[in-house]
Amino acid sequence: MPTVIVTGASRGLGRSIATDLARRGADVIATARSAELLADLADDVDGVEVLAGDITDPATRAGVVDLALARFGSIDGLVNNAGMLDPVAAMHDAHADDWAANLAVNVTAPVALTALALPALRAAGGRVVNISSGVANRPVVGWGAYCTAKAALKMATEVLAAEEPDITAVSVRPGVVDTAMQAEIRRVGASVMTPEGHERFLDLYETGELLDPAVPGSAIAAVALHAPASMSGAFVSWDDDEVLALGS
Ligand code: NAP
């Protein structure tokens, strides 16, 4: 049975990815800061082991890798899903500490966790799935740190793919998903986003067009288990034909 680590698994997209992986028969190591939500996940879903901690803390990263290897003996997949939007602020109001906090979660932590898991991933011919965003490729007013981080994670995925022929590394755009992050965009976005930019997210919510996290979650689980080597380095959308063909 494959073993897959999922970060940011306490809620939203990460919880759905972890749940879907377990449904497909994987052994899952789920991590995030919210211990109670993780305990609920472990209670609700067979095959999920949890470890609570901040992914920017080296001890958390070492803990999840050690737990996977001690409990299951291998690491076949790593889904770097934990992410944060803040700071929502214009570039003229950028503060170094706020940017560093964003990049620590969205870029440095997934890169460092991948490095720790790499020996086991190589041995298993495993897969790294980095959850990126459409904003890796297009600017959004007020989202400087987040757009920059998602673009950086996309490039980190490409470099990883170029360096590591024994693994498959893929960036996935999950679509616009009905999670706490979208609620935050609706709540704080008006202060700094363009009126049209903010309105778009309000409209998607009000017209019921946000994706249920279970839908891209299933597609991403399939990428984590089945992405072919030919996909390594690619930036794909959850609903691309080549992704759906993997069995979402
Ligand atoms: P969410 O509901 O806010 O979930 C974020 C997850 O990341 C939570 O489980 C959170 O858990 C975890 N997390 C945040 N900071 C962390 C930290 N320092 N240490 C450990 N875990 C941390 O958002 P989501 O929408 O599901 O986002 C999941 C991923 O999808 C993110 O990478 C996001 O950028 C990406 N994405 C989302 C959308 C969308 O429309 N929702 C679109 C494009 C990309 P704790 O708070 O328990 O730590």
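What follows is calculated from the coordinates using simple rules that are stated; it is not laboratory data. Every value quoted in this text rests on a predicted model; they were computed, and no experiment measured them. Don't worry about glycine lacking a Cβ; one is built from the backbone with ideal geometry, like all the others, and counts go over all protein chains shown.
Dividing the summed -39500 (n - 2.57) terms of all DSSP H runs of n ≥ 4 by the residue count of the chain sets its mean residue ellipticity at 222 nm at -15000 deg cm²/dmol. Taken over the stretch 36-141, the alpha-carbon convex hull comes to 131 cubic angstrom per residue.
The stretch 124-138 to the stretch 53-81: how many Å between their Cα centroids? When both Cα centres are located, 18 Å separates them.
Rule-of-thumb check for the chain: C-alpha Rg over 2.2 N^0.38 Å?
Working: Rg = 17.0 Å, N = 248, 2.2 N^0.38 = 17.9 Å.
Working it through for the chain, the quotient is 0.95.
Between residue 91 and residue 1, the modelled label-to-label distance comes to 4.9 nm, taking each label 7 Å out from Cα in the direction of the beta carbon.
To one decimal place, what orientation-averaged projected area in nm² is obtained for the convex hull of the Cα set of the stretch 93-174?
On the way: hull surface 22.1 nm².
Mean projected area for the stretch 93-174: 5.5 nm², to one decimal.
When 49, 206, 199 are sorted by how many other C-beta atoms sit within 10 angstrom of their C-beta, beginning with the fewest, the order is 206, 199, 49.
Based on alpha-carbon atoms only, what is the radius of gyration of the stretch 147-224 relative to the globular estimate 2.2 N^0.38 Å?
Dividing the Cα radius of gyration by 2.2 N^0.38 Å gives 1.37.
Electrostatic tally near residue 99: other residues with Cβ closer than 15 Å to its Cβ, Lys and Arg +1, Asp and Glu -1, net -3. Per-residue extension of 0.36 nm, minus the Cα-Cα distance of residue 186 and residue 98, leaves a gain of 29.7 nm for this segment.
Between 174, 139, 213, the GNM of the chain built on Cα springs shorter than 10 angstrom shows 139 fluctuating the most.
This ranking places 226, 95, 198 by how few other beta-carbon atoms lie within 10 Å of each, fewest first, which gives 95, 226, 198.
For the stretch 108-113, 3J(HN,Hα) computed residue by residue from phi via the Karplus equation (6.51, -1.76, 1.60; θ = phi - 60°) reads 5, 5, x, 5, 5, 5 Hz, glycine and proline entered as x. For residue 68, neighbours were defined as the other residues whose beta-carbon sits under 12 Å from its Cβ, and their charges (Lys and Arg +1, Asp and Glu -1) total -2.
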